[in-house]
Amino acid sequence: MKSGNSHPVFSEERHFEAPNWSRDGKYLLINSDGKLEKIGLNGENLGVLNTGTVQQANNDHGFSFDGETLFISSSKPEIEGWSSFIFKVDANGGVPKQITPNSPSYWHGVSPDGKNIVYCAERNNNFDIYKIDVQGGEEERLTDAAGLDDGPEYSPDGKYIYFNSYRSGVMQIWRMEPDGSNPEQMTFDQHSNWFAHISPNNKVATIITYLEDQKQAHPFGKQVKLRLLDLNTKEVSDLTSPFFGGQGTINVPSWNPDGTKFAYVKYELKDL
């Protein structure tokens, strides 16, 4: 953040997605081919994390604020077609526990006190934001606007849940109070803006912006750029020039613990 420059950490000729920065600052966690892998900050592959029976992880995963728990969105092999349930497991790996009873459910955030998670879920043919206790139980619906609500993430002080919504007819960043009340729009341009990730200092957020309006989709393989949203003034500034990315670039929280850097994925197509 100080220099404004990006530098490559890890590059391979395969598809991987959605880096989380570990809470101790020592490694990045990515998903690829249903597995979660630890990548050292010098680019060394530290191996696959043991997630037990959860072997079909998608790109919606991340750590609790205290760094002790990892939340994973994953389908189940016994269910035909696409599904996604949310599980929790010790951050060092182990036996996972299923949290959400219903599918599809895509994890995006956890409360600072570690008591609740928030997620995007399709129920009755509409995608909305839901909250549930980390021990499981009954889910609570937080949004009911027509169109897609996605990417919910708690601010570090627990005061807001940030999310992206199509309720205005263009995908924009919004925030609301933790009970779903008082929604407030944060971005106002004609781009498709997704996935606000709040800095540990609670002053700014990274967002991914599609240069062309994607309606309610966030596809892979489009021209995107990363931008910085000031949470006080609502001003938005560019962090990167446009690059080839989209789905998989920065789906989940990826700041380092002191808020001086964040991780993301840039893609390239290989000539055959």
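The values are calculated or read from the model by the stated rules, or taken from the named source; none is laboratory data. Keep in mind the model is a prediction, meaning the values are calculated, not measured. Cβ: placed from backbone, ideal geometry, glycine included. Neighbour counts: every protein chain shown. Surface accessibility is based on the protein's heavy atoms, side chains included, excluding ligands, DNA and RNA. Shrake-Rupley method; radii C 1.70, N 1.55, O 1.52, S 1.80 Å.
Quick notes on this structure:
- Within region 70-90, restricting attention to residues that are over 16 Å from the mean Cα position of the chain (by Cα) and crowded, with 19+ Cβ neighbours inside 10 Å, the residue that is nearest to Gln135 (Cα to Cα) is Val89.
- When Glu37 is tested against the conditions (1) more than 25 Å from Phe10 (Cβ to Cβ); (2) part of a strand (DSSP E or B), the lone failure is (1).
- Of note, Pro253 does not satisfy the criterion of being exposed (fewer than 13 other Cβ atoms within 10 Å of the Cβ) and in contact with a strand residue (DSSP E or B) (Cβ under 6 Å, 6 or more places away or on another chain).
- Condition met for Val224 (buried (at least 19 other Cβ atoms within 10 Å of the Cβ) and under 18 Å from the mean Cα position of the chain (by Cα)): yes
- Tally, over region 182-211, of residues that are open to solvent by 10 Å² or more (accessible area, probe 1.4 Å), over 24 Å from Asp258 (Cα atoms) and part of a strand (DSSP E or B): 2
- For Leu229, the conditions (1) open to solvent by 60 Å² or more (accessible area, probe 1.4 Å); (2) assigned to a strand (DSSP E or B); (3) of a type outside the set (Val, Ile, Thr) all hold with the exception of (1).
- Residue pairs whose Cβ atoms lie under 8 Å apart, separated by 6 or more positions or on different chains, with the first residue in region 256-272 and under 20 Å from Gln223 (Cβ atoms) and the second open to solvent by 100 Å² or more (accessible area, probe 1.4 Å), are Lys270/Glu13.
- Check on Arg14, open to solvent by 20 Å² or more (accessible area, probe 1.4 Å), under 19 Å from Tyr267 (Cβ atoms) and not polar (S, T, N, Q): yes
- Some residue of region 80-92 being touching a Lys or Arg at 6+ places or on another chain (Cβ under 8 Å), at pLDDT 95 or above and among the charged types (D, E, K, R): yes
- The set of residues in region 57-88 that are touching an Asp or Glu at 6+ places or on another chain (Cβ under 9 Å), over 18 Å from Glu122 (Cα atoms) and not in a strand (DSSP E or B) comprises Phe65, Gly67, Glu68.
- Scoring Val134 on the criteria (1) touching a Ser or Thr at 6+ places or on another chain (Cβ under 8 Å); (2) closer than 23 Å to Ile250 by Cα leaves a single failure, condition (2).
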